[in-house]
Amino acid sequence: MLLAGKAVASSFSKAKNVPLFSFSHQNGHIMAALYSAGKMELIGEKFYAFHVSGGTTEVLVVTPDEKKIISSENIGGTLDLNAGQVIDRVGVLMGLKFPCGKEMEALAAAYTGKIDPYKVSVKDIYCNLSGIENIAVKLYSQSSDKNRVAAFVINSIKKTLEKITENLFANYGRLPVIYAGGVMSCSLIKKDLSKYGDFSMPEFSSDNASGCALLTRHCLMKKEGRGLCN
């Protein structure tokens, strides 16, 4: 069932006698982020990419690929919940509309009090995020303060990603960083993490399709001997 799209594309390719290119879900997000961040030159270099969403929280090392333009290898990320899962679970608990990212960000941005502390759970380049949900649930049951809880969740995820980035540089050396995925469209997270790397525009943060289209374009141009363009 998961290969239905590939089967249709393969059939169409054969029927129309046009080339077929396939890419990973992560690489689509990475390419979309490179394009919207104005960092297309990185497709010829080695760099790091964070893909943080409701479905994944991964740290990848990306290298040029002769056949598929870029190749990514997972070297870190979450060991339990994804960052977007934490946001959505807590948001739904508070009665927010799913997916809850935009409402959670708005609630957190409006909070003017002291943000509750959180000791990040990070080892090397891997993290555990379920503790954020557990504490957030407790905070909400005690206070019913949506702004306070939202600020805690967003800040805790931001601190976790910041620590992972610092450990990444310490363990693997400093390279350019691209942050991609729906969670990375949060302006509150971008505000502090932009010192480490580049973010895609919000409308491209969760857009995998545009990245696959760009990869297809580059592969076709390369196949036709026209080189790559930025």
Exercise. Could you sort 155-161, 167-173, 59-65, 91-97 so that the peptide with the highest average Cβ count within 10 Å comes first and the rest follow in order?
Key: 155-161, 59-65, 91-97, 167-173
Quiz item: Convex hull over the Cα atoms of region 1-104, averaged projected area in nm²?
Solution: 9.2 nm²
Exercise. Pairs of Cα atoms under 8 Å, at least six residues apart: use those to get the relative contact order of the chain, whole percent.
Key: 27 percent
Exercise. May I ask which of Lys102/Lys195; Lys39/Lys68; Lys114/Lys146 have a Cα-Cα span longer than 20 Å here?
Key: Lys102/Lys195
Quiz prompt | Nearest-20 debye value, the chain charge dipole, Cβ charges on Lys, Arg, Asp, Glu | solution = 260 debye
Self-check item: Low-density loop positions, GluC sites (Glu not before Pro), region 52-130 - DSSP coil, at most 11 other Cβ in 10 Å
Solution: Glu66
Practice problem: Convert 10 °C to kelvin, take the viscosity as 1.306 mPa s, use the Kirkwood radius over C-alpha pairs of region 114-228 as Rh, and evaluate the Stokes-Einstein diffusion coefficient in µm²/s, rounded to a whole number. | Solution: 96 µm²/s
Exercise. Divide by every residue of the chain the summed helix terms, -39500 (n - 2.57) for each DSSP H run of at least 4, and state the resulting mean residue ellipticity at 222 nm, rounded to the nearest 500 deg cm²/dmol.
Key: -15500 deg cm²/dmol
Practice problem: Give the cross-link partners of Lys16 among the lysines, using a straight C-alpha distance below 19 Å as the criterion and excluding same-chain residues fewer than 8 apart. | Solution: Lys6, Lys223
Quiz item: If r is the Cβ-Cβ distance from Phe12 to Glu203 and R0 is 35 Å, what FRET efficiency results, to the nearest 0.05?
Solution: 0.80
Quiz item: Can you give the % of DSSP beta bridges in the chain that are antiparallel, to the nearest 5?
Solution: 65 percent
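Rule-based calculations on the coordinates, nothing more; no lab input. Note that the structure is predicted; figures quoted are calculated from it, not measured. Because the Cβ atoms are built from the backbone with ideal geometry, glycine has one as well, and the counts that use them run over all protein chains shown.
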